Amino acid sequence: MSEVQLPEQIKGPWDHLLILTYGMDLPFFEHTLLRELPARCRNRIVLGDGAHLLEISEAHVRDGLARAMNHRYVAEGIFSPQAAHAKLIMLTNPTQGRLLVGSGNLSWQGYASGGELFTTYQYQAEAPQQLGAFLAVRDLLEGLMLRRYLSDAAERYLQLLLQGTPWLHQSPEATDRPVRHNLNQSFLQQLRLEVGEQPVEELIILSPFYDRECRALEQLLILLQPAELTLLVQPGRTSLDPVALQRVLAGYRGTARVQVARRPDGEPYLHAKLILVKQRDRAVCLQGSANLSQAALLLIDPQGNIELVNLLSGARDAFDDLLAGLAIDPALVEVQNLDLHYEEPEQLLSAPAAWRLTAAAWDGTQLRIEDRGPRPDLSGAVAILGVDEHRIERPRVDVRAVAWKPPVEEARRFDRPVALRIRLVDGSQSNPVFICNTAALDAALAVTAEDASLSQVGGLDLDDHEIETLFGLIDSTLLIDRRSLWQVAGKQASVADMEAGDAQHLSYDDIDYALLRQHPRVQQYLRGFGVARAGRTRLQVILSSISGHLLEILDRTSQGPIAGPGAAVIGSTDLSEEELEAADEPAAPQGMRSPQQRTQRLLKSFINRYLEGITSAEFRALVGVEVLAQNYIIFSHILWRLWVKDWLDYNFMVDAFTRTWHAFWGDADDPGCLTTASTESRDQIGTILREHHTVATLLASLFDSARWMHTWGWHAQRLALRDFWRVLLTRHAGLITTEVLEQTWHALADAYPQTTPLPAEIVADLAELADFETSGSFLRALESRHGFPAGSCQFERVEVYREPLDRTAPVNCLVIAVHNALRSADEAVSLVGEWMRFQPLDYYRIVAPTSHKAERVVLYEVREHEGLLWDSLTKRETILGRIDSEPQSWAEALAQLQALAEQVQARLEVPQIVSTKAEVR
């Protein structure tokens, strides 16, 4: 047990530094550590507990001691529901790394006082035995990003660290996991699994903090049942309720000892945390950031703290030296005679119900603040930068952030660390946050513009020029068609060939795909299918951007409606008559294209290339399911975002939707990419589809596009959507779970925040779509099912005598212009049943081959449940009994979906402003 050996531990050829801490002494960091880092280490990240960061930001606004904060290094908060208490120092470069995991915060006391305990790990390509420790840290970081506990700037520079440390993406040779976090499993459970079934002879505990009722200690004793217990305490320092301790010890059946522990130098405070389990021939040690509290040991995120520990095992005496550095009084002490008391946790600024700023960033053109809690009205708000201030004009607002362009003269303020506050019109002010100057940091780090652009795929919140740049990068990243394969293979095509798209003489026969599979552009697809490789690819950047955007939607829509009263209504348009007329007029003279027209042409061309690739049997066979599945995830998301943004005409979009879906999921003529994949590949595809909410994106696209087609009376497009929906219901309905339906609701809530359809309403509309039929589509389907010539069936209006009415009446008559139709009672019953399913009537009449010279006639009275088949050529009459329409093959799947929707709706916190079906129509 000793101080961190600084600056020795941070010396080396490092490119990246990451520090996780609870509290942070930034002046100590700047004066003691920052100066000692090698010049090549330009990516320096300090992440601390969010509430503590806000407290120290307030202090440093007053004292001015943080002189390089968010300019020469990133200092941001972890805004988790409970305390972010993990502590580590990690340094990496592309071939090696050093990791220290322990109990000390970023401060002189935490790193240099000697009252802390750290474990050090090393990684080198030639000595990878301790890789597992680093991978646990990567898993923790990805968990924090997945939960959106970090600012965008923090995530950006963490991603740079992960990209610049390719060995962090390798699989470890050993199965040891010496470093553990508690995002998904409590430390108590992890310790129990590590201890195993061998009896525990002795349990030794050193912790400066316990929970009020000593529940963590109690549960630890119940689970491990040690024969002996030794508690090492520090009188006057250990936060522990003696009454609660006595209660727990009274229920403990083993031998308990409470002893005083000190540092040999006389300084009493020990901040180290240690749980040492001794068995007959081995020992297990849990040591790190976790105190002996419920929040640290028993609970997981979001109810518990975020912690990081070393969980090590060895010989029975392997960890005795940890205690040898302590002065432990041999005399046992009665609990009531100790100077022990419980200290209430401090109350911090980051109260969940309060609005507070959590981060701010300057990228050289705009300011962007991130906040949490109920956001007040920012109309007329003023940004305060030190002694200067300016009104926030034309802000871009979403649930996570507010961005605006400050006056040009204010840009000089960002050349040095500066805190920002927001003053509302009522005079109240927000807490301060120090602006992260990403422009300055990027200049030092030389972050590639390509990755920054690709990370915009998630939201597509771009202007025309940025769209062109982004899709150019996507084109150079993905394999979407024959042209992509030719580019990767180094083949050359003429301009005419390229303009022609999938030109026939860009032959697949000229491509050696076995060799091509070794190309990095192909290899990136294999990483999502169990092939371990180092590095972070552009494909991963795109997929991460999509998943990150989806998590933002979940976060935003879970908080209720955020749009103003002018929010769009599903199936309606908010354009005026003048705007609609203008939309039909050419925006530029013939031969010239506006930026918007160029963008639309580019998008359509790119989407058409994708459609040509995914619908080509040759392309699909050549590239394999790994490419097709990940491309489908990306294009499914892109098409939905383009649909929501209303950038392309709806006819084109519906065609793109249905062609993409049919190619991937299959139809009557094509089994589809998913069906033809192996069982193992289908399982992997299912996993990545769930990770990126792809089935939910499909349902949202299908629901919304079908509603618009219904509103406008575009029956052909609605029938195309219906045909695919029937395929999905009959082949893949099992993929639609309560989780998928909830994600679908969130996607639609993001698109229509004020008029979001309820989950049950979504399924009801989709059920209506599955049953949708027009007279024409019904007749053509009837012809196909019964083998009648195309166009041979039609409806006519005729006058007939109705016996139950005792008079003539006009009725619909189905005319089948086929001489050999209606030859049997079975055929007659089938045709009536199908007609019933399409159109409920009280009377059905079918004739063949014409209505005025009928050779055969079918009559059926619904109320009497009676009918007959009359053959005028043979003078034969066949009585038809009761006829009922048979349920469609997809009816059972729809009933299951309706039940799932009710479950989702019951548990979902649906905002009261969400409308009913009549309102969104």
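Quick note: the coordinates plus some simple rules give every number you see, no bench work behind them. A quick note: this is a predicted structure, and the numbers were derived from the prediction, not measured. Note that each Cβ is placed from the backbone with ideal geometry, even for glycine, and that neighbours are counted across all protein chains shown.
Brief remarks on what is shown
- Cα gyration tensor category, rounded, prolate or oblate, for region 107-201 with a/c compared to 1.5: rounded
- For G458, nonlocal amide neighbours, meaning residues 5 or more places apart or on other chains whose placed amide H falls under 5 Å from its own, are I546.
- Global size of region 356-445 as Cα Rg and Dmax, reported in angstrom: 12.4, 41
- Label-point gap, in nm, between E8 and Q518 - each point 7 angstrom along Cα→Cβ: 4.6
- Candidate aspartates and glutamates - alpha carbon under 14 Å from K875, same-chain residues fewer than 8 apart omitted: E855
- For region 174-252: Kirkwood Rh in Å [reciprocal of mean 1/r, alpha carbons]: 14.1
- Listed cross-link partners K405/K645; K604/K645; K87/K405 are compared with a 25 Å cut-off, the Cα-Cα value being larger for K87/K405.
- DSSP bridge analysis restricted to region 182-337 gives an antiparallel fraction near 60%, rounded to the nearest 5.
- Judged by the gyration tensor of its Cα atoms, with axes a ≥ b ≥ c, the chain is prolate; a/c meets the 1.5 cut and a/b is the larger of a/b and b/c.
- At R0 = 60 Å, FRET efficiency that the Cβ-Cβ distance of R780 and E58 yields, to 0.05: 0.25
- The chain: angle of helix 152-163 to the longest principal axis, Cα-based, in degrees nearest 10: 80
- DSSP beta bridges confined to the chain are antiparallel in about 75 percent of cases.
- Taking only the C-alpha atoms of region 37-100, the Rg (one decimal) and the largest Cα-Cα distance, Dmax (whole number), read 13.8, 42 Å.
- Diffusion coefficient of region 775-880 by Stokes-Einstein, Kirkwood radius over Cα pairs, 4 °C, 1.567 mPa s: 94 µm²/s.
- Global geometry of region 182-337, whether rounded, prolate or oblate, following the gyration tensor of its Cα atoms and the 1.5 cut on a/c: rounded
- Residue order, fewest to most surrounding Cβ atoms within 10 angstrom, among I10, I328: I328, I10
- Listed by chain and number, the aspartates and glutamates placed with their C-alpha closer than 13 angstrom to that of K853 are D871; residues fewer than eight positions away on the same chain are left out.
- The fewest-to-most ranking of R247, R421, R35 by surrounding Cβ atoms within 10 Å reads R35, R247, R421.
- Computed packing ranks the peptides 366-375, 632-641, 803-812 as 632-641, 366-375, 803-812, most packed first, by mean other Cβ atoms within 10 Å.
- From the largest down, region 8-179 spans 51, 34, 31 angstrom on the principal axes of its Cα atoms.
- The order of L550, L699, going from fewest to most other C-beta atoms within 10 Å of their C-beta, is L550, L699.
- Amide proton proximity set for K87, modelled H, under 5 Å, gap of 5+: G102, S289, L308
- If you plug the beta carbon distance of T687 and A125 into 1/(1 + (r/R0)^6) with R0 = 25 Å, you get a FRET efficiency near 0.25.
- Degrees between helix 679-691 axis and first principal axis of the chain (Cα, 0 to 90, nearest 10): 70
- DSSP bridge orientation in region 8-179 - percent antiparallel, rounded to nearest 5: 60
- Axis angle, to the nearest 10 degrees, between helix 131-146 and the longest C-alpha principal axis of the chain: 60 degrees.
- The slack in the chain from V800 to L424, taken as 0.36 nm per residue of separation less the alpha-carbon distance, amounts to 127.7 nm.
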